[in-house]
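Visitor: The structure's right below; bear with me while I get my questions together.
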Amino acid sequence: MTKILLIYTGGTIGMVENAETGVLENVDFNTVLPTVKELKQFSFNIDVFSFTPPLDSSDMGPEQWVRLVDIIDENYEKYNGFVVLHGTDTMAYTASALSFMLENLNKPVILTGSQLPIGKLRTDGKENLITAIEIAGATNESGEPMVPEVCVFFRDKLLRGNRTTKSSADQFDAFHSFNYPSLAISAVDIHYNKQNIIPYKQQKLIVHRNMDARMLVLSVFPGIQKEVVENMLNTPKLRGVILRTYGAGNAPQEKWLTELLKQATDNGIVIVNITQCTDGNVVMKRYGTGLHLQEAGVVSGQDSTVEAALTKMMRLFGDGLTPERVRMLMGENLCGEL
C-alpha cells in the first residue's frame, strides 16, 4: 500500500479562529484532520507528524529546515511520498531550501497550505491538501514516482519548489513560477507535464544539514546612498549577498558602488546578481550598467528567484566550500533552479 507522511509545520491551513478575539491561532493538526472526511476515500496509508508547537511561517528558517530534512531522512524508506503543510509567507524559501538540502531526491516532497483555515466554509485548504496527497502518491507506468522532486502545490498548479515565489497575499492563486512552466495542472484530472519534471533516478539520498545564514539581500533603488551600502557590505562575518538589480541586471554606474562591490568580492564575499523583475534573466554584458558589476566580480544569478539564490548559497557555504567554488556553482544548475 502507498504510504504518505503528512508533516504539519503550522500555518493558516491548520488554524482556528479564537471565538473571543477573532484572531487565527495554531492548534494541533490531529484535531483538525478528522474534519477532512474526503481523506478516507484514499487507498493510501496516511500518517501525520506535527511540529510541537506549530510555527507561523514567519518563524521558519534554517533550524526548522534541518528539522524537516531530518524527519524526511529518518522516514525516507518507510514512505512513498511526503506532504509538508506550511504557512504561505515563507513557503517558497522552505521549498527552495529543501531542494538543495535533499540531494539525489527521488521521492515527492510536496509543500502546500492555504489562504483560509481548513475549517472555514470557503477554504482552499481541503482541495490543496487532497490534491497534494494524491500527487505525492502518484506513480507512472513503471511504478516510479510521477514527481520525484520538491514542489509547491497551490490552487490548481504544481510548481517546482525552487522556481516558486509567493505573488499574492490574499488570492487563492497565491504562487507563481515565472521562469519555468508548471509541472502539473489539476482539473477534472491531474495533467502532468512530464517533459518539465526532473527524471527519476535510482540514487542514494544525500542530506545537507549545514546552512550558513550569514547572508543579506540588497536591493538597488534610485538615490541609494554610499553609506548604506558600505555599512551593509561591512557586516561582520558576511559570506554572501543577493543583489537585486534593475531589468537584465543593471545598477547605477556610480564609481563608489563599483569600488565597494569589488572590495567585497576581493574579501571573499560572494555577490549574486538577481533581477527585481518577476520574470526574465540577468545578462550583465547587455548594457554598461550591468557590465561594471561583472567587472567588479559580481556573479550572474541568471533566472533564479531570490529564494532559490539565497538558500542555494546558504547550503554551498554550509558545505564548507571556498568563495571561488561557491561563485562557480552559483552559475551551475544543481536541481532545476536555473
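Visitor: Only four residue types carry charge here, +1 at the Cβ of Lys and Arg and -1 at the Cβ of Asp and Glu. Report the dipole size of the stretch 58-177 about the Cα centre in Debye, rounded to the nearest 20.
Guide: Approximately 360 debye in magnitude.
Visitor: Something else now. At 1.4 Å probe radius, can you tell me the per residue accessible area of the chain in Å²?
Guide: Normalised by residue count, the accessible surface of the chain is 45 Å².
Visitor: Between the stretch 95-117 and the stretch 252-325, how many Å separate their Cα centres?
Guide: If we compute the Cα centre of each part, the gap is 26 Å.
Visitor: With +1 on each Lys and Arg Cβ and -1 on each Asp and Glu Cβ, and nothing else charged, work out how big the dipole of the stretch 47-103 is about its Cα centre, in Debye to the nearest 20.
Guide: 100 debye
Visitor: Let me ask another. Report the one residue of Leu216, Pro145, Leu205 whose Cα lies farthest in the direction of the positive end of the charge dipole of the stretch 133-263 (charges on C-beta: Lys and Arg +1, Asp and Glu -1; origin at the Cα centre).
Guide: Leu216
Visitor: OK, next. How much of the DSSP bridge set in the chain is antiparallel, in percent, rounded to the nearest 5?
Guide: In the chain, approximately 35 percent of DSSP beta bridges are antiparallel ones.
Visitor: While we're on this one: Could you list the trypsin sites (Lys or Arg not before Pro) in the stretch 243-338 that lie in coil according to DSSP, counting only those with at most 14 other Cβ atoms within 10 Å of their Cβ?
Guide: Lys285, Arg286
Visitor: Run the helix sum for the chain: -39,500 (n - 2.57) per DSSP H stretch of 4+ residues, divided by residue count, reported at 222 nm to the nearest 500 deg cm²/dmol.
Guide: -7500 deg cm²/dmol
Visitor: Starting from the Cα of Lys255, step 7 Å along the direction of its Cβ; do the same at Gln171; then give the gap between the two resulting points in nm.
Guide: In this crude label model, Lys255 to Gln171 measures out at 4.6 nm.
Visitor: Further question on the same structure: Under 1.5 on a/c is rounded, so check that first for the stretch 140-209, then, if it is not, pick prolate when a/b is larger than b/c and oblate when it is not; a ≥ b ≥ c are the square roots of the alpha carbon gyration tensor eigenvalues.
Guide: oblate
Visitor: Cross-link list Lys3/Lys204; Lys255/Lys312; Lys40/Lys126: which exceed 22 angstrom alpha carbon to alpha carbon?
Guide: Violating the 22 Å limit, Cα to Cα: Lys255/Lys312.
Visitor: Plugging the Kirkwood radius over Cα pairs into Stokes-Einstein for the chain, at a temperature of 4 °C and a viscosity of 1.567 mPa s, what D comes out in µm²/s?
Guide: The diffusion coefficient I find is 62 µm²/s.
Visitor: Check the straight Cα-Cα distances from Lys166 and name the aspartates and glutamates below 15 Å, setting aside those fewer than 8 residues away within the same chain.
Guide: Within reach: Asp89, Asp156, Asp279, Glu307.
Visitor: Oh, and also: Work out the length of the dipole vector of the chain about its Cα centre, built from +1 on the beta-carbon of each Lys and Arg and -1 on the beta-carbon of each Asp and Glu, and round it to the nearest 20 debye.
Guide: Roughly 640 debye, rounded to the nearest 20.
Visitor: Going by amide H atoms built from the backbone, whose H comes under 5 Å of the H on Leu55, apart from near neighbours?
Guide: Distant-sequence amide H within range of Leu55: Gly10, Gly11.
Visitor: Of all the accessible heavy-atom surface of the stretch 80-192, with the other protein chains kept in place and a 1.4 Å probe, what percent is carbon and sulfur?
Guide: Taking all protein chains in place, the stretch 80-192 shows 46 percent carbon and sulfur surface.
Visitor: Check which residues have an amide H placed less than 5 Å from Lys3's amide H, if you skip close sequence neighbours.
Guide: Amide H neighbours of Lys3: Asn45, Asn80, Gly81.
Visitor: Just in the stretch 68-171: which trypsin sites (Lys or Arg not before Pro) are loop by DSSP and have at most 12 other Cβ atoms within 10 Å?
Guide: Lys78, Arg122
Visitor: Quick one: net charge around Ala213, please, counting Lys, Arg +1 and Asp, Glu -1 for every other residue with C-beta under 11 Å from its C-beta.
Guide: So the environment of Ala213 carries a net charge of +2.
Visitor: Please give the contour-minus-distance gain from Lys78 to Phe178: 0.36 nm per residue of separation, less the Cα-Cα distance, rounded to one decimal in nm.
Guide: That works out to 32.5 nm of additional length.
The values are calculated or read from the model by the stated rules, or taken from the named source; none is laboratory data. None of the values given here were measured: they were computed from a predicted structure. Cβ coordinates were reconstructed from backbone atoms using ideal geometry, including for glycine residues, and neighbour counts include every protein chain displayed. When the accessible area is computed, the model is the full protein with side chains, heavy atoms only, and any ligands, DNA or RNA have been set aside. Shrake-Rupley method; radii C 1.70, N 1.55, O 1.52, S 1.80 Å.
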